[in-house]
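Student: Sharing a structure below in structure tokens format, with a few things to ask.
The values are calculated or read from the model by the stated rules, or taken from the named source; none is laboratory data. Only a predicted model underlies this, so the values are computations on that prediction, with no experimental measurement involved. Cβ sites come from the backbone with ideal geometry, for glycine too, and all protein chains shown count toward neighbours.
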Amino acid sequence: MTVGGAGQHRSIMTGHSPVDGADDGAATVHHFPLRRMLPLEDAALYLGIPARRLRILGLLNAGPRPAARHGRNAMYRVEDLDRYVATLYAEARISMAEQARQRQEWRVRAATTVDFDAHGRRRGPVDPCMQILTLNALVSVGSPLVLKMLFVSGLGVIFLSHTPLVWRL
């Protein structure tokens, strides 16, 4: 069924709108890539690490980058999380076959195991391999930062030890 005046056709039954006034009866379908978004807690469960560790990795720019923020809540794309895991495994020189096997075992274990903490919040199981790999990332990024802080605090102690104000105490 079509309606419209001379030269104007619009299909009511199918909901299609013709391009440039041509009514070919077919709709144009645009395929967009799958972009599934996970909040921080679900992203941490997907990775197999505690949410606190994912938050610290984000603060040190050593973890996956959030795709969006809703206020203070970070949202992560599943594709970005998979890319981050592949990067960690590649840095540890673990083969793709072993990575696929370990991640499949982890997905099965994560789907079957659900824990709750003392406050009644859902707490996922922890993947030991991801714990080690993310700890390595934290140490490699955090160590220079800690050494810089120790250096600055040492300079502060040296400076304060030579002031007359400290001598009177």
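Student: Select from region 36-60 the residues that are outside any helix (DSSP H, G or I) and over 15 Å from CYS129 (Cβ atoms) and list them in ascending order.
Tutor: Once the filter is applied, which keeps residues that are outside any helix (DSSP H, G or I) and over 15 Å from CYS129 (Cβ atoms), region 36-60 yields ARG36, MET37, LEU38, PRO39, LEU60.
Student: Then there is this: If you go through region 124-139, how many residues are within 25 Å of ALA100 (Cα to Cα) and either part of a helix (DSSP H, G or I) or at pLDDT 90 or above (or both)? Spell out the reasoning first.
Tutor: Step one: list which residues in region 124-139 are within 25 Å of ALA100 (Cα to Cα), which gives 124-138.
In the following step, the residues that additionally are either part of a helix (DSSP H, G or I) or at pLDDT 90 or above (or both) were identified as 128-138.
Count: 11.
Matching residues to (1) of a type in the set (Phe, Trp, Tyr); (2) modelled with pLDDT of 85 or more; (3) exposed (fewer than 11 other Cβ atoms within 10 Å of the Cβ); (4) under 17 Å from the mean Cα position of the chain (by Cα):
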| site | (1), (2), (3), (4) |
| --- | --- |
| ARG65 | no, yes, no, yes |
| ARG77 | no, yes, no, yes |
| LEU88 | no, yes, no, yes |
| GLU91 | no, yes, no, no |
| GLU105 | no, yes, no, no |
| ARG109 | no, no, no, no |
